[in-house]
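See below for the structure under consideration.
We did not get these values from a lab; they are worked out from the coordinates using the rules stated. As the structure is a computational prediction, the values presented were derived from the model and not from experiment.
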Amino acid sequence: MTVKDIVKSSAALLSREDVCDYLSGKQGGIGDDTVPTLNTMVTLLNLVISELSATYIPMVKREQVEIVGGKLYYTALKNTPLKVLNVYDALGKEIPYSENALYLSVSTDNAIVEYEFVPPNYGLEETIGYTEKDISQGALAFGLAAEYSICKGAFDEAVMWHKRYVESVNNKRKIENVKLKTRSWQ
């Protein structure tokens, strides 16, 4: 999903037809505040994504890398890693590794590193690090609508959108019920 898709969904929720038209390539009905509004929405969406990834749903990536001299410097990864989850060989088998403040020590020449990362500031046309499986486009649109409403001073709307956002995030994070051992009274 792209930033543009999420902003367009949120603009539709907020009845900002001018932003929707602009993103669709239609020139009619575009006002002086359309582009500044669009820029604000992109900035706010980056805020929502950063907050979400840091608190509830981390962004995870698997990246194939070349190991030089038994060391993989974190700076060689495409994104800034927060936490290394695992390291695999080319066949997908876990391989041992050790972490250092600057690099991973790995005994192979090629590896697949799975890690949580800090999301970059996405531009309008960029694809974000989440998939629909991670979090829905609608949930992110709700979060953006809440933040935009706060910026505009529409606090009642902000509360409504925030509530929908939180419900959507909680639905993705459902914790499965655990079966407890039955009690026996003896």
Estimated vicinal HN-Hα couplings, Hz - the stretch 138-146 in sequence order (Karplus 6.51, -1.76, 1.60; Gly, Pro = x): x, 4, 5, 5, 4, x, 5, 4, 5
Which of these, Ala90, Ala139, Ala158, has the largest mean-square fluctuation under a Gaussian network model of the chain (Cα springs below 10 Å)? Ala90
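When the chain is fully extended, how far beyond the present Cα-Cα distance does Glu132 get from Val166, taking 0.36 nm per residue of separation?
10.6 nm
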At 222 nm, what helix-only mean residue ellipticity would the chain give, in deg cm²/dmol to the nearest 500, using -39500 (n - 2.57) for each DSSP H run of four or more? -13000 deg cm²/dmol
How many angstrom separate the Cα center of the stretch 137-160 from the Cα center of the stretch 1-79? 16 Å
5 angstrom amide H check on Val118, placed H, neighbours 5+ away: Thr80, Leu82
For Thr108, distant residues with modelled amide H under 5 Å away: none
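Pairs of alpha-carbon atoms within less than 8 angstrom and 6+ residues apart define the contacts here; what relative contact order does the chain have, in percent?
Relative CO of the chain lands at 26 percent.
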